[in-house]
Amino acid sequence: EQQALELERAEAAAEQAKRKESKEKGPAEKEKEKECPWVLPPAGKLTVMMFGMTGAGKSALGNLIAGQNIFDSGDDTASVTNLDSIMRYEADNGSLVVLDTIGLGDTEIDQNKVVASIRDVALSAPNGVDCLLYVMRNARITDDAIARLIYVTEYLWGDESMLNLYIVVTYASKYANNRQEADDWIKRQVEINWRFKHIYSIVGCNPHRFIFVDNPDLESVEPRVDERRRNSRDSLYKLFCNHPRDAVPPFTQAMMKQVAELTKNERVELEKKEKELRGLEAAKGKRTSVTGVVPAELKKSGSGEHTTVSHNLRQAKEDYKKAQIAMQARLKEVKSNKDFQEAAQQHAEAATDRFLTDFKGETEKAKAATRMLSSLSQRLNFNSQAAAKAAAKPGKAAAKAKAAAAPSAAATEEQLKAILNEVRKANTETPAALFRSLGGWTGAGAISPMIFTSFMLKHAPDITRQQIGALWWRADTNNDGQVDLNEFKDFFAKYVEASGTGRVGGSIIKQ
């Protein structure tokens with residue numbers, strides 16, 4: 001009875017302290033604590049990168065995701081790192097990393113900003129980017145916006161980045177809570193606007209890779225501000241939780257891989273210290289009640305053990321902080337490395353050279369890119385006059401760079417067709433029976449990304465992760481992170497069975 005009374009008093013005291021703390025917190029902090037039905041695993045480090053034109057609402061979107069105002073503050077904090085062209089936020093529990101690109105959204109983009117972006121993205125995400133969020137305002141799509149999207153995705157980062165691409169439409173209160181109206185709007189835009197049609201095509205013509213956000217300012221006098229923001233945040237976290245990491249690999253570039261190799265020792269040590277810290281945090285969490293108070297019986301029976309756990313946790317936090325500092329110091333060294341800087345310049349030069357070559361002419365896309373072409377070609381400063389001359393008259397060197405940087409989509413499609421044909425020949429069961437044997441009926445009712453990946457590897461051991469990712473997007477048409485029976489049947493009918501007829505259509509990335 002005495003223990004029960006002590007526990008009751010402790011819970012009452014904790015609740016009182018919680019109410020007092022809540023009164024002292026600002027609206028942003030309170031919003032961060034709202035319970036979200038979609039929770040990312042601690043230490044999972046899902047990496048999200050936002051890009052888009054200035055004024056699209058990237059900073060506000062980043063603040064909504066983080067649950068606090070950080071991306072418009074411009075200050076370095078424990079969770080935010082500022083580089084020349086990137087702001088990087090990491091959740092306290094290591095579940096999420098958010099990158100906000102800065103220079104790529106400026107109205108007047110130049111080659112210096114392109115080089116800085118390539119360099120800073122690599123430094124901020126050496127293990128790659130899981131989700132690329134193209135942030136666009138619910139308004140008329142300008143020539144600058146579509147030209148920037150084409151340049152960044154298809155030239156600067158390459159076609160493989162499109163596997164990780166999602167479109168976030170901001171200022172979309174009309175569609176954020178009405179999916180049918182949102183889908184109807186997408187359909188109308190595809191029919192009447194070539195710019196929107198292009199955006200639609202690079203996410204596989206899949207309306208479910210569009211997310212609509214209603215994100216009014218916290219100080220706004222608009223109705224139901226908290227509810228609208230919370231619903232939009234839930235939609236974003238649903239996307240993050242459903243993103244098929246076991247099937248779609250993170251987008252990586254040669255620059256990212258170079259950083260990963262140059263920081264290998266520091267990265268291994270940092271991951272080790274973080275694992276130790278998360279383990280101790282989990283152990284301490286199990287020794288507390290839901291109120292965060294150590295039960296009285298545990299205090300009496302194991303006060304010494306509790307003190308040891310707390311001491312170890314403090315030490316683990318200090319060790320983790322030291323590992324973080326060592327990593328930042330190493331990244332600073334890499335950033336100033338001349339070979340690394342030159343590699344970033346060469347990457348930017350090749351991307352811009354191909355873009356300038358492809359968008360000469362009178363097509364709609366070429367006309368839309370006129371302003372950007374002028375801006376880029378006038379400020380190719382890394383190789384002086386030679387680079388400017390090459391940009392103006394690309395010639396054989398540009399063609400060679402283009403061939404090296406952009407593999408033939410047709411060749412890739414042939415490889416994909418061969419993989420699908422092997423799947424077709426190896427399976428005599430009906431799609432429904434095969435679905436059951438993979439656990440679709442007896443297990444979760446759907447096939448997970450991991451099961452899908454294992455299935456593809458079984459029939460094509462040499463298949464690449466990018467090819468698996470492309471096939472996954474063809475199967476998971478509603479973007480819910482799993483393939484149900486109807487989706488599996490459609491996938492077989494449209495792609496697997498068709499592989500034997502020579503009628504598998506579309507690019508591996510864009511279809």
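Below is a table of values for the structure above.
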| quantity | calculated |
| --- | --- |
| Residues of the range 237-259 classified as at pLDDT 95 or above and out of contact with any helix residue (DSSP H, G or I) (no Cβ under 6 Å at 6 or more places or on another chain), total | 9 |
| Leading residue by the ranking (farthest from His198 (Cα to Cα)) among those in the range 337-370 that are touching a helix residue (DSSP H, G or I) at 6+ places or on another chain (Cβ under 8 Å) and of a type in the set (S, T, N, Q) | Asn337 |
| Selection status of Arg228, at pLDDT 90 or above and not assigned by TED's automatic domain parsing to the domain that holds Met49 | no |
| Evaluation of Gly285 against (1) in a loop (DSSP other than H, G, I, E, B); (2) modelled with pLDDT under 85 (one fails), failing number | (1) |
| The one condition in (1) closer than 30 Å to Gln345 by Cα; (2) free of Cβ contacts under 8 Å to residues at least 40 places away in the same chain that Arg267 fails to fulfil | (2) |
| Any chance Thr153 is modelled with pLDDT under 95 and not in a helix (DSSP H, G or I) | no |
| Pick from the range 329-365, criterion part of a helix (DSSP H, G or I) and among the basic types (Lys, Arg), ranking: surrounded by the fewest Cβ atoms within 10 Å (Cβ to Cβ) | Lys338 |
| Residue that is farthest from Ile65 (Cα to Cα) [pool: residues in the range 159-206 that are in contact with a strand residue (DSSP E or B) (Cβ under 7 Å, 6 or more places away or on another chain) and of a type outside the set (A, V, I, L, M)] | Glu160 |
| Verdict on Ala147 being crowded, with 22+ Cβ neighbours inside 10 Å, more than 18 Å from the chain's Cα centre (by Cα) and under 18 Å from Asn478 (Cα atoms) | no |
| Some residue of the range 454-467 being of a type in the set (Lys, Arg), part of a helix (DSSP H, G or I) and touching a residue at least 40 places away in the same chain (Cβ under 8 Å) | yes |
| Single residue of Asp110, Asp214, Asp120, Asp130 found to be of a type in the set (Asp, Glu) and surrounded by fewer than 21 Cβ atoms within 10 Å (Cβ to Cβ) | Asp110 |
| Subset of the range 189-203 that is over 14 Å from Arg140 (Cβ atoms) and charged (D, E, K, R) - its residue that is nearest to the chain's Cα centre (by Cα) | Lys197 |
| Leading residue by the ranking (surrounded by the fewest Cβ atoms within 10 Å (Cβ to Cβ)) among those in the range 156-210 that are assigned to a loop (DSSP other than H, G, I, E, B) and among the polar types (S, T, N, Q) | Asn178 |
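Residue-by-condition table, conditions (1) at pLDDT below 95; (2) surrounded by fewer than 21 Cβ atoms within 10 Å (Cβ to Cβ):
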site: Pro449; (1), (2): no, no
site: Lys458; (1), (2): yes, yes
site: Thr464; (1), (2): yes, yes
site: Ala475; (1), (2): no, no
site: Gly500; (1), (2): yes, yes
site: Ile509; (1), (2): yes, no
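The values are calculated or read from the model by the stated rules, or taken from the named source; none is laboratory data. The structure displayed is predicted, hence computed values, not measured ones. Using ideal geometry, Cβ is built from the backbone for each residue, glycine included, and neighbour counts are taken over all protein chains shown.
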